[in-house]
Amino acid sequence: MDRITKAARLMIVSDLDHTMVDHHDPENLSLLRFNALWESNYRHDSLLVFSTGRSPILYKQLRKEKPMLTPDITIMSVGTEITYGNSMLPDDGWVEILNQKWDRNIVTEETSKFPELTLQAETEQRPHKVSFYVDKTKAQVVMKELSDCLKKRGLDVKIIYSGGMDLDILPQGAGKGQALAYLLKKLKTEGVPPVNTLACGDSGNDAELFSIPDVYGVMVSNAQEELLQWHAENAKGNPNIIHAKERCAAGIIEAIGHFKLGSNSSPRDVADFVECKVDHVNPGYEVVKFYLFYERWRRGETDNCETYISSLKASCDPSAIVVFPSGAEKTLHECIHTMKGCYGDQKGKQFRIWVDRVLSTPTGSSTWLVKFDKWELSGDERCCCVITAKISAKGSGASYGYTWVNVQQKWLEEYEKKDDSTWLF
Ligand code: GLC
Ligand code: MG
């Protein structure tokens, strides 16, 4: 929580599977579009919250499979576990609240009497969450009977059906909605309530997110039947909740535009940065733009022309040095020269670059130290450098663009590139 010292301009609270992450898009294009938008326009003054049904184990697995950003706050196991920051520091206060009126043993004892319930994997059974699979056709009846049963045993629980197959049993005070309410209250108590909050989801366990006061909501276009039905019955006329036209992360971007919560133009939607002038630029935007251009160059998606090379060179101080993870040094101009020869070498291949955790600290009136994680996916190999760059504003203001003054790279543990002959920036 220590990074949260100012009220967030926008807090996005998003589900992961089939909301932030589109499992039907092997290229992850809308997720990458969202990432570029977030890091260039929001990371420095907004909060990203992931709210997933997954346990910490399956959540970490998903992060290894998909190009996901690091959220500021992670809510897992259907709102029963809240953690902060990259180190995932748990919120013990939340655990204490959930312990009230909860007895896991009674839940397992009673549920064992229902042959319609199939227990989910061991990793998904958590201190405040017991999870099963149940057939769509039997779900309603089972939920009713189970609820009566547990009430008779003196338990106050919440039973949630999601994705047309998952049944979760949680303490009554748990769930994604309650976890969000708890978080909003905490931020308010600390004097930093977000200016705007946008909840994003696709399935049953997300419904609660949309009933928290003063929260905008987007059900992505591919939302599940059970969520749309909940909406029809409970929130039909509410203009603060929309059913997006676009799938997954593209639906989230659509909602940012619909509710006018800030910029909804992802740098990935900009075809030509030389032509494009952006109004409120910040060093984060420069970093995203730089690496996006590099990706496109190697994929052979830009024109192979000298104008781009000159413009890139013009954004680097002629004496600017890159210190590679090995300790070797090169000037940025030398790197650009090498890059020139790599035009299109990744054409038709899986090659993507994204940046995460872009944070800039001013070191003078027009200079910043910008720290970020640079990820490169090449085929099946994923590598990452933690980069610290010194960047300064050109001329009298950022509207003239930025100059890279130096770059220092360090491999992120477990993600170093074996053959680093084509690792440039
Ligand atoms: C995730 C969890 C699962 C849960 C489901 C719905 O898939 O892994 O345990 O039942 O979300 O909340
Ligand atoms: Mg989902």
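A short reminder: the numbers here are calculations on the coordinates, not readings from a lab. Small disclaimer: the values here were computed from a predicted structure and weren't measured. Neighbour counts run over all protein chains shown; Cβ positions are idealised from the backbone, glycine included.
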Pick from region 225-257 the residues that are in a loop (DSSP other than H, G, I, E, B) and of a type outside the set (A, V, I, L, M): which of them is surrounded by the most Cβ atoms within 10 Å (Cβ to Cβ)?
ARG247
Among the listed residues TYR182, TYR161, identify the single one that is touching a residue at least 40 places away in the same chain (Cβ under 8 Å) and part of a strand (DSSP E or B).
TYR161
Name the residues in region 82-115 that are free of Cβ contacts under 8 Å to residues at least 60 places away in the same chain and either in contact with a Gly (Cβ under 7 Å, 6 or more places away or on another chain) or under 30 Å from GLU27 (Cα atoms) (or both), would you?
THR83, SER87, MET88
Please work out which one of (1) farther than 20 Å from LYS349 by Cα; (2) in contact (Cβ under 8 Å) with a residue 60 or more places away in the chain; (3) buried (at least 18 other Cβ atoms within 10 Å of the Cβ) is the condition LYS410 fails and give its number.
(3)
Which numbered condition ALA121 fails, given (1) within 16 Å of ligand 1 (Cβ to nearest atom); (2) out of contact with any Ser or Thr (no Cβ under 8 Å at 6 or more places or on another chain); (3) under 27 Å from ALA181 (Cβ atoms)
(3)
When residues of region 209-224 are limited to those that are assigned to a helix (DSSP H, G or I) and either touching a residue at least 60 places away in the same chain (Cβ under 8 Å) or under 20 Å from the mean Cα position of the chain (by Cα) (or both), the one farthest from ligand 2 (Cβ to nearest atom)
PHE210
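Are any residues in region 164-177 touching a residue at least 60 places away in the same chain (Cβ under 8 Å), within 14 Å of ligand 1 (Cβ to nearest atom) and either of a type in the set (D, E, K, R) or more than 14 Å from MET76 (Cβ to Cβ) (or both), and if so, which ones?
GLY164, ASP166, ASP168, ILE169, LYS176, GLY177
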Exception for ILE321 within (1) more than 29 Å from the chain's Cα centre (by Cα); (2) part of a helix (DSSP H, G or I); (3) of a type in the set (A, V, I, L, M, F, W, C) falls at (2)
Output the residues belonging to region 87-99 that are touching a strand residue (DSSP E or B) at 6+ places or on another chain (Cβ under 7 Å) and either in a helix (DSSP H, G or I) or not charged (D, E, K, R) (or both).
MET88, LEU89, PRO90, TRP94, LEU98
Across region 50-72, what is the total count of residues that are in a loop (DSSP other than H, G, I, E, B), within 14 Å of ligand 2 (Cβ to nearest atom) and of a type in the set (S, T, N, Q)?
1
How many residues are among the basic types (Lys, Arg), in contact with a helix residue (DSSP H, G or I) (Cβ under 8 Å, 6 or more places away or on another chain) and away from ligand 2 (no atom under 16 Å from the Cβ) if we restrict to region 139-185?
1
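Residue by residue, here is whether (1) in contact with a Lys or Arg (Cβ under 9 Å, 6 or more places away or on another chain); (2) not in a helix (DSSP H, G or I) holds:
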| residue | (1), (2) |
| --- | --- |
| PHE273 | yes, yes |
| TYR308 | no, no |
| GLY327 | no, yes |
| TYR343 | yes, yes |
